[in-house]
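Okay, so here's the structure we're looking at.
Readers should treat all values here as calculations from the given coordinates under stated rules, not as data from a laboratory. Bear in mind that the values here come from a model prediction, so they are computed numbers and not experimental data. So basically every Cβ, Gly included, is an ideal-geometry build from the backbone, and we count neighbours across all protein chains shown.
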Amino acid sequence: MTFLSPFLLWFLAAASIPVIIHLLNKRRHKTIQWAAMQFLLKATRESRGKKKLRHILILTCRALGIAALAFAAARPVVSGLVGWGAGTIDTVVLVLDRSASMELRSGDGQATKRELVLQKVRDALTDLGNPRLVLLDSASGKAQEVPSPDILAEISSTAATHSTANFKTLMTTAAEYLSRSTGRSEIWLASDLQLSNWRPDDERWAAVRATLASLHQKCAVRILSLTGSAAPNVGLRLVGTRRLADGLLLDLELIRSEEDRGSISLPLTINTNGARSSETVILPGQSLRFQKRISLSESDATGHGWISIPADGNVRDNTAFFAYGPARSIKSLVVATPGEAGDYLSLAAAPPGFEKQSVERIDPAQFSNADTSNVAMILWASPLPVGANVQALERFLSSGGQVVFLPSETPSPESFLGMQWGPVTLAESGKFFILQDWNKTDGPLRDGIDGSPIPAERLRAIKRSSPTGDAAVLARWEDGETFLTRRIVDRGTLWFVSSIPDYTWSNLGDADVLLPLAQRILALGADRFDSSYLAEVGADGTNLLAGESRTRIDDYAAENSPYEAGVFRIGERLIAINRPLAENDLQIASKDNLDAMLEGTDYRLLDQAGQVGDSSLSTDMWRSFLLAVLFFLISEAILCLPIKSTATSQKLVAAK
Amino acid sequence: MPHSFIDNILLSRLGSLPIESRVPMMGNVAGKHRSPHRGSSVEFAEYRKYVPGDDTRRLDWKAFARSDRFYIKEFEADTNLRAYFVVDASGSMNFHSPGQETKIQYARRIASSLAYLLVNQGDAAGLSICTDKLYLEVPPSRRAAHLERFFTTLGKVEPSGETGLIEALHTIAEKISQRAFVVILSDFFTDTAALGDALQHLRYRKHDISLFHLMDPQEIGFNFDRPHRFVDLEDGTIIVAEPNLIADEYQTALKDFLISVRAKAHDAAADYQLVTTDRPLEPLLREFLTARIPKAKH
């Protein structure tokens, strides 16, 4: 709490006036000759406890009433950020979330979360007497001093971006900055608490806490939670692109906020190399993942474009940019011992007629020496890896590769990332394991774009080995046992298939299942090579190298800042930069998450910061103090009421 | 000699009201009050059988003619009333709040007015003044000249010291041999149990007792706006107190005291009047005297 007229606090001394008057009155007694002494003696003996307490309460009410009046005159200001216990603050480090999700407009559709919080921070800082303000924005990650909170909304460092935020890093930077400053400091975090921006599981939060704890003066952390009501919003994101022989396949996703219900129709505008077209997409639920195929002619070796939906609650998530260039060859690796299974797998990975696809077959013992930098998919039909192979596979997965494990004849007790093979089981004589239930909307056995299903029911097996471990099951045998599982590992994916294309196991080699499965997984793995044309805002590939310049070449907008999405030519490179996929994450960091991340720090979560009706983070408190004055005066008046004595006196007079 | 406590106008207004006794009196001369003995008044009382020694002149010959038996016809005897005014002259009777008269002065006015009315109707009035003991007495007399002595004595009373009312009442009860009208004027700031005993003593001696309980309005209201140093009028005890804080307890104690005194008076079949000194005297005495008139005489 701070005071706009602190010199008036001297009037607090007036609170002692009632006590002084009381003491003077006690000394200023009048002498009187009295006859009815026996009652006076008795009354004096009995007058203890309640009466004295009442008298003390009356005095207290008078003193507090005057004190409250003095406080009201001093114009106290309580900041929702600072709270009651705070005194003067010398430095405020404002950590501003400038991520794309902060551009979501509030429930009334007037201002975005970022604009709203900037306005509130400005008002709060003005009320607090304009302490030194240091801005640390999530896009640049650099601290800069702002001369006045009035210009906070105008400077480029608080402008909207398509970037994401990393609060762990920002907090570290803030703490390091404060370690060099003196005086009482506070860190104000303005964020929509998007879980992907906070990453509570990151072990490096411990380092953040340690840095904060090491500050020579304890620093309070205030989190302005901007999780209030928001305008309806649908986000469009480009999950990936894949160059086909005659076109470009875009994996797109529409995501809607959880509050919205019902099916909606959205017009989709597609701009390819300046040529526009449009179509309508029906969004039946909260999200829709779909593919958009763009036909390209032979002459379209390179190009770019964008896809957008109409403006809504957040204009920063309505457009996805893409770029493409010459298609590259896709290489697969089959790790299997010589045999029928390896042959079929090699065929499925590089079928005849697919010139751009190639396959290399190696023995498991040779894998650790193999170059996987240009490999999109690894088909592993051998016992689970051990030793150096494990690390090599993990690195491959982290870089976006796809690994498909298939069982081997030799049972192996090893596990890989918590996944294991179960025992090999045989079908009863004359019977088969038949694939019955598989995910038709997601995964490599999904239906085709035209809706035609994969003939997976034709798969028959006489031998199988089901995987066990924490993974999503995408297909099951008719007895409920697992056929296909998926587990996302960093940027890559780990797949387990419970049979092998060998006549002693199953008819997986018939290509009804194996070919689409291998080709679709291969396509996913190939995405990482197409990323040279596709990047997220803030990614390493978007930075300018020495001598390079940055030029925006799409016609969607003209902004050319490093934190804008668009199609850019950086030096000789053509690159479509989109906002990070995580910015459409609807998950919010919970209080438990914050408790875990900021454990041991003096942090306070302010939920009201995102409320539209709450125009300021600070409140002029003089009205409350005037109410307190009124309360104390009324209390004093009630305590002074001579209730019992009047009644007794009346009775005595009546008795006459 | 004029006395400040005698109001001639008041006395002339009350002159038409008699002072009646509520119990039969035993006076020395004929008067207007009932006697326990049979006498020669015109009011028939009863017949009784003749016994040897009775005055034959009182035989009812007509009754003998009708019944052939001797009957004596008896009539009520009327006698005079002797009133004793017991005035408490302890220090507490000297109290008065601003603008009010002292309790002793109020007592003087009551006693003098009633004494005048009594003598005026042919009854005798006596005076007893008590402080810590019974120290002044004027024996009852019917003579008009006696009133001057009564008033002079009353005027000379100066309240002081502690009260000796209880002892005085016992002394009076023992001293008065015949039934009398005893009027006690006091604030009764004494032990109420002892007061009850004294009243019972008077009651035992078949006296007609009337109590005028004199209180100052401030003693009842206890309205003070600031701390006071209270000095006892009787023994000089000093108490510094804040009346606002003790008003409730004071009122409670006073209430208990008033109820107790009233109860003691009731037990002794005494006539009780709680009087504040701000009350006009005429309505008080008119009410007192009217209440004493037997219903049959209305």
Legend entry - For A:Tyr556, A:Tyr344, order by how many other beta-carbon atoms lie within 10 Å, fewest first: A:Tyr556, A:Tyr344
Inset, instruction - Provide the FRET efficiency to the nearest 0.05 for the B:Ser67-B:Thr153 pair, computing r from the beta carbons and using R0 = 56 Å. - result: 0.45
Inset, instruction - Starting from the Cα of B:Lys264, draw a straight line to each of the lysines and keep only those under 26 Å, dropping any in the same chain fewer than 8 residues away. - result: A:Lys42, A:Lys651, A:Lys656, B:Lys103, B:Lys133, B:Lys175, B:Lys206, B:Lys255, B:Lys295
Legend entry - Per residue, the convex hull volume that the Cα atoms of the range A:433-530 enclose (Å³): 97
Inset, instruction - Mind checking the full-extension length gain between A:Asp510 and A:Arg623? Use 0.36 nm per residue of separation minus the Cα-Cα distance, one decimal, nm. - result: 32.5 nm
Legend entry - Sorted by Cβ density within 10 Å, fewest first, the residues A:Ser465, A:Ser412: A:Ser412, A:Ser465
Inset, instruction - Once every Cα of the range A:292-399 carries one equal point scatterer and solvent is ignored, give the base-10 log of I(q)/I(0) from the Debye formula at q = 0.17, 0.20 Å⁻¹, two decimals. - result: -0.87, -1.01
Inset, instruction - Within the range A:344-430, report the GluC sites (Glu not before Pro) that DSSP leaves as loop and that have at most 14 other Cβ atoms within 10 Å. - result: A:Glu355, A:Glu414, A:Glu428
Inset, instruction - Pull out the extension gain between A:Gln391 and A:Ala275, defined as 0.36 nm times the separation in residues minus the alpha carbon to alpha carbon distance; nm, one decimal. - result: 37.1 nm
Inset, instruction - Could you grab the relative contact order for chain A? Cα pairs under 8 Å, six or more apart, rounded to a whole percent. - result: 17
Inset, instruction - Compare the peptides A:172-182, B:280-290 by average per-residue count of other Cβ atoms within 10 angstrom and give them in order, highest first. - result: A:172-182, B:280-290
Legend entry - trypsin sites (Lys or Arg not before Pro) within the range A:188-297, DSSP loop, no more than 13 other Cβ atoms inside 10 Å: A:Arg204, A:Lys218, A:Arg261
Inset, instruction - Tell me the label-point distance for the pair A:Arg261, A:Ala539, using the 7 Å Cα-to-Cβ offset, in nm and rounded to one decimal. - result: 3.8
Legend entry - Partner lysines for A:Lys463 [C-alpha distance under 28 Å; skip if fewer than 8 residues away on the same chain]: A:Lys431, A:Lys440
Legend entry - Separation in nanometres of the label points that stand 7 Å from Cα toward Cβ, at A:Ala472 and B:Arg143: 13.5
Legend entry - Summed side-chain charge close to B:Arg179 - residues other than B:Arg179 whose Cβ falls under 9 Å, Lys, Arg +1, Asp, Glu -1: +2
Inset, instruction - Just need the relative contact order of chain B here, percent rounded to a whole number, with Cα pairs under 8 Å and 6+ apart. - result: 20
Inset, instruction - Find out how many positive minus negative residues lie around A:Ser196, taking Lys and Arg as positive, Asp and Glu as negative, among other residues whose Cβ is under 13 Å from that of A:Ser196. - result: -3
Legend entry - Mean Cα-pair separation over length for the range A:330-530, i.e. relative contact order, pairs under 8 Å, 6 or more apart, %: 23
Legend entry - In degrees, nearest ten, helix A:50-73 long axis to first principal axis of chain A (Cα): 60
Inset, instruction - Kindly express, to the nearest 10 degrees and within the range 0 to 90, the angle between helix A:643-655's C-alpha long axis and the longest C-alpha principal axis of chain A. - result: 40
Inset, instruction - Calculate, for A:Val19 and B:Ser12, the FRET efficiency according to 1/(1 + (r/R0)^6) with r their C-beta to C-beta distance and R0 56 Å; round to the nearest 0.05. - result: 0.35
Legend entry - Selection from B:Leu211, B:Phe181, B:Pro159, by position along the positive dipole direction of the protein assembly as shown (Cβ): B:Phe181
Inset, instruction - Find out how many positive minus negative residues lie around B:Phe222, taking Lys and Arg as positive, Asp and Glu as negative, among other residues whose Cβ is under 11 Å from that of B:Phe222. - result: -4
Inset, instruction - Could you state the angle between the C-alpha long axis of helix A:622-640 and the longest principal axis of the C-alpha atoms of chain A, as a value from 0 to 90 degrees rounded to the nearest 10? - result: 40
Legend entry - Partner chain coverage, peptide A:24-31 - average Cβ within 10 angstrom: 4
Inset, instruction - Work out the mean other chain Cβ neighbour count within 10 Å for the residues of B:185-198 and drop it here as an integer. - result: 1
Inset, instruction - Mind computing the radius of gyration and Dmax over the alpha-carbon atoms of chain A? Å is fine for both. - result: 36.0, 129
Legend entry - Considering only chain B, percent of DSSP beta bridges that pair antiparallel, nearest 5: 45
Legend entry - Least to most buried among B:Tyr47, A:Tyr563 (fewest other Cβ within 10 Å first): B:Tyr47, A:Tyr563
Inset, instruction - Would you mind putting B:89-102, A:25-38, B:258-271 in packing order, based on average other-beta-carbon counts within 10 Å, highest first? - result: B:89-102, B:258-271, A:25-38
Inset, instruction - Between B:Val231 and A:Tyr503, with labels modelled 7 Å along Cα→Cβ, what's the label distance in nm to one decimal, could you check? - result: 13.7
Inset, instruction - Helix by helix through chain B, keep the DSSP H runs that span 24 Å or more along the axis on Cα and average at least 1.0 on Kyte-Doolittle, and give those back in order. - result: none
